[in-house]
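Structure record follows, encoded as structure tokens.
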Amino acid sequence: MDKFNNMHVFCRIVELGTFSAVAKELKLSTMMISKYMAQLEASLGVVLLNRTTRSLNLTSAGEAYYNRSKQLLEDLAELEASTAQLGERVKGQIKISAPIDFGGIYMVPAIEQYLRRYPEVKVLMSLDNKPPNLRDGSFDVSLLVTDKLDPGVVARKIAETELCTYAAPSYLAEKGCPQTIDDLTRHQCLHYVDTPHGDYWIFNVDGEPKRIKSDWVLASNNGRALCQAAALGMGIVQAPRLSVIAYLQRGELVEILRDYRRPAVAIYATYLQRRFYPAKLTSLIDFLLEYFER
């Protein structure tokens with residue numbers, strides 16, 4: 001039984017005066033209107049209407065219930081209208097989880113432009129390479145640089161990046177340039193921790209992925225720190241290309257082992273599947289798709 005529906009039917013009976021008039025308005029049978037009224041009175045345990053073949057009269061309980069019900073239904077209509085208006089204006093707080101490098105390098109300028117478009121939104125962004133559990137409600141959106149997705153979430157691809165191997169010209173001049181992935185055993189490695197691949201580096205060998213365990217001298221969950229270390233000649237780093245673009249442009253790092261480069265890895269905006277999505281969420285996802293396409 002839908003009590004709000006029955007309440008609405010009762011109020012319209014009072015206002016229109018007959019069961020048949022309400023039935024015609026709601027495109028229902030008179031018998032169904034009678035059923036709704038019987039359900040409502042049974043649930044309340046009181047008689048709301050005195051009915052005769054010629055008239056309907058409110059009981060004292062019915063009059064009190066009508067006045068409160070009418071106000072409640074009007075308040076509900078106002079709430080729905082005001083909520084819809086808020087959705088059109090796009091406001092509220094949205095919580096984002098992002099990988100440390102991608103969030104720190106690329107999301108801040110993206111968020112700056114998003115907030116220019118939607119100034120009534122507040123963004124809380126947490127940077128962590130470990131993806132959160134969206135089901136616990138801590139975040140609305142999780143940005144992932146990955147080739148492994150949770151089947152229980154919606155994933156929208158906003159960009160992609162290649163996973164490549166880099167070293168500084170100074171390091172290669174001193175230590176030599178590895179020609180195959182097996183040569184890495186003789187080199188100093190700088191390892192990116194907290195990735196889906198754990199202690200391993202991933203390469204492409206004859207079209208198939210091959211894992212090589214990194215014998216690292218420095219490990220960190222911060223790609224910028226590792227890229228800086230590589231630029232200083234401390235060793236070889238494997239990292240998403242998006243993390244090293246500035247170093248490549250300045251000539252501080254160069255790509256090596258190009259023949260073993262992995263296919264591009266997608267960058268996703270993920271969120272829980274639900275029946276209705278708040279405007280702050282849909283506006284952010286649409287904006288990110290547009291922003292990174294540019």
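The values are calculated or read from the model by the stated rules, or taken from the named source; none is laboratory data. In this text the structure is predicted, and so the values were computed from the model without any measurement. As a convention, Cβ positions derive from the backbone with ideal geometry for all residues, glycine included, and neighbour counts pool all protein chains shown. Accessible surface areas use protein heavy atoms only, side chains included; no ligands, DNA or RNA. Shrake-Rupley method; radii C 1.70, N 1.55, O 1.52, S 1.80 Å.
Filter region 1-19 down to the residues that are assigned to a helix (DSSP H, G or I) and either buried (at least 19 other Cβ atoms within 10 Å of the Cβ) or of a type in the set (A, V, I, L, M, F, W, C) (or both) and list them by number. Selection gives Phe4, Asn6, Met7, Val9, Phe10, Cys11, Ile13, Val14, Leu16, Phe19.
Where in region 123-223 are there strands (runs of 3 or more DSSP E), lying wholly inside it, with at least 2 residues that are touching a Phe, Trp or Tyr at 6+ places or on another chain (Cβ under 7 Å) and surrounded by fewer than 16 Cβ atoms within 10 Å (Cβ to Cβ)? Reasoning before the result, please.
Details: elements: 141-146, 153-161, 163-167, 189-192, 200-205, 208-213, 216-220.
The strands (runs of 3 or more DSSP E) meeting that bar are 153-161, 208-213.
Being in contact with a helix residue (DSSP H, G or I) (Cβ under 6 Å, 6 or more places away or on another chain) and hydrophobic (A, V, I, L, M, F, W, C) is the filter; apply it to region 255-286 and report the residue that is farthest from Tyr114 (Cα to Cα).
Leu272
The set of residues in region 237-294 being open to solvent by less than 50 Å² (accessible area, probe 1.4 Å), of a type in the set (S, T, N, Q) and assigned to a helix (DSSP H, G or I) consists of Ser243, Ser283. Checking Lys35 against (1) within 19 Å of Ser55 (Cα to Cα); (2) in a loop (DSSP other than H, G, I, E, B), which single condition isn't satisfied? Answer for Lys35: the failing condition is (2). How do the pairs read when you match residues in region 49-77 that are under 17 Å from Ala38 (Cβ atoms) with residues anywhere that are assigned to a helix (DSSP H, G or I) and not β-branched (Val, Ile, Thr), using Cβ under 6 Å and keeping only pairs 6 or more apart or on different chains? Here the result reads Leu49/Gly62; Ser69/Met7; Ser69/Cys11, each pair linking region 49-77 to a residue that is assigned to a helix (DSSP H, G or I) and not β-branched (Val, Ile, Thr).
Matching residues to (1) closer than 17 Å to Ala98 by Cβ; (2) free of Cβ contacts under 8 Å to residues at least 12 places away in the same chain; (3) basic (Lys, Arg):
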| site | (1), (2), (3) |
| --- | --- |
| Arg156 | yes, no, yes |
| Ala159 | yes, no, no |
| Leu163 | no, no, no |
| Pro178 | no, no, no |
| Asp182 | no, yes, no |
| Pro209 | no, no, no |
| Asp215 | no, no, no |
| Gly223 | yes, no, no |
| Val244 | no, no, no |
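I need a count of the residues in region 97-122 that are without any contact (Cβ under 8 Å) to a residue 60 or more places away in the chain and under 30 Å from His197 (Cα atoms).
Qualifying residue count, region 97-122: 8.
Somewhere in region 192-204, is a residue without any contact (Cβ under 8 Å) to a residue 24 or more places away in the chain and over 25 Å from Met125 (Cα atoms)? Yes, that holds for at least one residue.
Scanning region 81-90 for residues that are surrounded by 10 or more Cβ atoms within 10 Å (Cβ to Cβ) and either modelled with pLDDT of 90 or more or of a type in the set (D, E, K, R) (or both) yields a single hit, Arg89.
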